[in-house]
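Everything below concerns the one structure shown next.
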Amino acid sequence: MSDPYASRASVHEQVVAGFGTVRVLPLDAEADAGVIHRWVSEERAAFWGMNGLTRDQVAEIYAHMDTLDTHHAYLIVKDGEPAALLQTYEPEADRVGECYAVEPGDIGVHLLLAPAGPDGARTGWTSRLLGTVSSYVLLGLDRQRVVVDPDVRNEKAIARFLRQGFTAGPAVVLPEIDLPDVYLPEKNAQLAFLTREVAFPG
């Protein structure tokens with residue numbers, strides 16, 4: 001089967017032994033809206049905050065993000081199949097920066113995994129994808145530390161990050177944002193951090 005994403009330039013590409021080729025592509029707000037809308041509309045993605053939005057509304061959100069210098073969105077593709085939605089951001093330009101002491105070299109990450117296939121089994125899949133994300137943001141972007149802020153109720157995501165080597169930080173309340181282009185409700189979040197030294201020792 002041909003790779004429908006083969007013609008798109010990637011910002012990061014990594015061959016993961018026993019897993020496949022993982023590519024990180026800048027998100028195309030219009031072309032990728034159908035895939036992203038399907039993912040964010042599922043009940044499992046409730047913590048992503050886009051349940052109930054239309055495809056066009058999702059496209060508009062990411063088209064707006066594409067105008068920002070501080071926030072970026074990417075489609076992660078594994079062997080030509082969409083595997084995850086990655087968002088990176090500068091913590092000092094985000095509400096999370098009001099909730100912890102931002103250090104030079106910090107980068108924020110949000111990650112939404114594609115739904116599992118019909119058989120539901122993909123042992124080691126998440127860990128390998130997270131490893132690729134860490135390679136991109138810490139080595140590719142030359143950063144020192146990743147911060148994540150999953151909802152405190154999202155126990156699966158928190159456990160997943162901790163298994164990956166993240167260290168739990170404080171539980172915080174991210175303030176509501178109500179701007180003409182962006183609305184985000186208040187969020188109770190569990191911060192967690194992964195340093196470059198831990199992710200890539202030696």
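The values are calculated or read from the model by the stated rules, or taken from the named source; none is laboratory data. Computed from a prediction, not measured in an experiment: that's the story for all the values here. Reconstructed Cβ throughout: ideal geometry from the backbone, glycine too, with neighbour counts over all protein chains shown. For accessibility, only protein heavy atoms count, side chains too; no ligands or nucleic acids. Shrake-Rupley method; radii C 1.70, N 1.55, O 1.52, S 1.80 Å.
Summary table below
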{"item": "Residue in the stretch 1-20 that is nearest to SER135 (Cα to Cα), counting only those that are under 19 Å from the mean Cα position of the chain (by Cα) and among the polar types (S, T, N, Q)", "result": "GLN14"}
{"item": "Subset of the stretch 21-45 that is of a type in the set (Val, Ile, Thr) and within 16 Å of the chain's Cα centre (by Cα) - its residue that is most open to solvent (accessible area, probe 1.4 Å)", "result": "VAL35"}
{"item": "In the stretch 175-201, the residues that are among the aliphatic types (A, V, I, L, M), more than 18 Å from ARG160 (Cβ to Cβ) and not in a strand (DSSP E or B)", "result": "LEU179, VAL182"}
{"item": "Count - residues of the stretch 134-144 that are surrounded by fewer than 16 Cβ atoms within 10 Å (Cβ to Cβ) and either among the charged types (D, E, K, R) or at pLDDT below 95 (or both)", "result": "1"}
{"item": "Condition check for ARG8: open to solvent by 20 Å² or more (accessible area, probe 1.4 Å), farther than 24 Å from ALA157 by Cβ and of a type in the set (Lys, Arg)", "result": "yes"}
{"item": "Scope the stretch 111-144; condition more than 15 Å from ALA192 (Cα to Cα) and assigned to a strand (DSSP E or B); matching residues", "result": "LEU112, LEU113"}
{"item": "Count - residues of the stretch 69-110 that are assigned to a loop (DSSP other than H, G, I, E, B) and of a type in the set (Gly, Ala, Ser)", "result": "3"}
{"item": "Pair list, Cβ < 7 Å and 6+ apart or interchain, from the stretch 162-184 residues that are touching a residue at least 24 places away in the same chain (Cβ under 8 Å) to residues that are assigned to a strand (DSSP E or B) and not aliphatic (A, V, I, L, M)", "result": "PHE166/PHE193; THR167/PHE193; ALA168/GLN190; GLY169/PHE193; VAL173/ASN188; LEU174/LYS187; ILE177/TYR183"}
{"item": "Test: residue in the stretch 77-93 that is within 16 Å of PHE161 (Cβ to Cβ), under 14 Å from the mean Cα position of the chain (by Cα) and open to solvent by 10 Å² or more (accessible area, probe 1.4 Å)", "result": "yes"}
{"item": "Residue count for the stretch 58-105, restricted to those that are of a type in the set (Ser, Thr, Tyr), closer than 18 Å to LEU179 by Cβ and in contact with a Gly (Cβ under 9 Å, 6 or more places away or on another chain)", "result": "1"}
{"item": "Qualifying residue in the stretch 145-154 (condition: outside any loop (DSSP other than H, G, I, E, B), within 19 Å of LEU86 (Cβ to Cβ), modelled with pLDDT of 95 or more and charged (D, E, K, R))", "result": "yes"}
{"item": "Hits in the stretch 159-186 (condition: more than 14 Å from LEU111 (Cβ to Cβ), surrounded by 11 or more Cβ atoms within 10 Å (Cβ to Cβ), modelled with pLDDT of 95 or more and touching a Leu at 6+ places or on another chain (Cβ under 7 Å))", "result": "GLY165, ALA168, GLY169, VAL172"}
{"item": "Pairs where the first residue, in the stretch 45-68, is within 19 Å of LEU113 (Cα to Cα) and modelled with pLDDT of 95 or more and the second is outside any loop (DSSP other than H, G, I, E, B) and open to solvent by 70 Å² or more (accessible area, probe 1.4 Å), C-beta under 9 Å, 6+ apart", "result": "ARG55/ARG38"}
